[in-house]
Amino acid sequence: MAHDAPVLVLDGPPGAGKTSLLARMVCALGDDTMWITEPNARLATGLSAPIHPSPAGHTLWFLRHELDKARAMRRLVTDEATRLLIADRNHLGALAYCYATHAEDSLPYTVARDFYARRIAPELPGTVLTAILLVSPDQSLTRRGKVAELPRWKQWFDEGLLERLHTFYTDIAPTLCP
């Protein structure tokens, strides 16, 4: 009989509690679970860093990372040693950003969505379940201290961007993920 481990992906806007929930789950589930952290271009090895430092370059890097991750998940879920696979974020983060940002040098949402549909979706294992954690834009700001600690994080504290992210995660994301 074939073994297909379940895959749980947590996604949602900044401050929704994804990483906090995962930290608690690690303690509860321990070694019986394989963990995949949120991608970080500054810490990446293997898949080269974004070719261009623009938002579009970073988004393309993120989507290529998600394609590699989907392929790895497909292999891992069939391994008898994998009981449960949990990931912090998936392709929804990149799609949400493309939908919500108004930056001139960002990747258009339709391009990102089409990349997901053509390349990532077919590679995802059938056992993926995505849980979208929601938080209001005001709660997002409050939970994260209302001020960006670093200048590069400033955009993630923009109320307009947070409103558009909320719209994406409530209205669009449920149609894009298992």
Please give the calculated 222 nm ellipticity per residue for the chain, where each DSSP H segment of at least 4 residues contributes -39500 (n - 2.57) and the sum is spread over every residue; nearest 500 deg cm²/dmol? -11000 deg cm²/dmol
Let a ≥ b ≥ c be the square roots of the eigenvalues of the Cα gyration tensor of segment 74-138; is it rounded (a/c under 1.5), or, if not, prolate (a/b larger than b/c) or oblate? oblate
In whole percent, the fraction of accessible protein surface over the chain that belongs to carbon or sulfur atoms, probe radius 1.4 Å, stands at 56 percent
Charges only on Cβ, +1 for Lys and Arg, -1 for Asp and Glu: so what's the dipole of the chain about the Cα centre, in debye to the nearest 20? 180 debye
Just tell me which aspartates and glutamates come within less than 14 Å, Cα to Cα, of K18; anything on the same chain fewer than 8 places away is out. E38, D88
So the FRET efficiency between L134 and R83, C-beta based with R0 = 25 Å and rounded to 0.05, is 0.35
Computed from the beta carbon distance with a Förster radius of 30 Å, FRET efficiency for S20 and D171 to the nearest 0.05 stands at 0.75
Tell me, how many Å apart are the Cα centres for segment 110-160 and for segment 82-100? 8 Å
Round to the nearest 0.05 the FRET efficiency obtained for A121 and T33 when R0 = 22 Å and r is the Cβ-Cβ distance. 0.35
Report the charge-dipole magnitude of segment 112-165 in Debye, nearest 20, computed about the Cα centre from +1 at each Lys and Arg Cβ and -1 at each Asp and Glu Cβ. 140 debye
Which of (1) 50, 34, 32; (2) 56, 46, 28; (3) 57, 33, 32 is the computed Cα extents along the principal axes in Å for the structure on display? (1)
Which residue, G17, G145, G126, tops the fluctuation ranking in a GNM of the chain built on C-alpha contacts under 10 Å? G145
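The values are calculated or read from the model by the stated rules, or taken from the named source; none is laboratory data. Quick caveat, the model's predicted, so the values are computed rather than measured. Here the Cβ is made from the backbone with ideal geometry for all residues, glycine too, and neighbour counts use every protein chain on show. The area values use the complete protein model at the heavy-atom level, side chains included, leaving out ligands, DNA and RNA. Shrake-Rupley method; radii C 1.70, N 1.55, O 1.52, S 1.80 Å.
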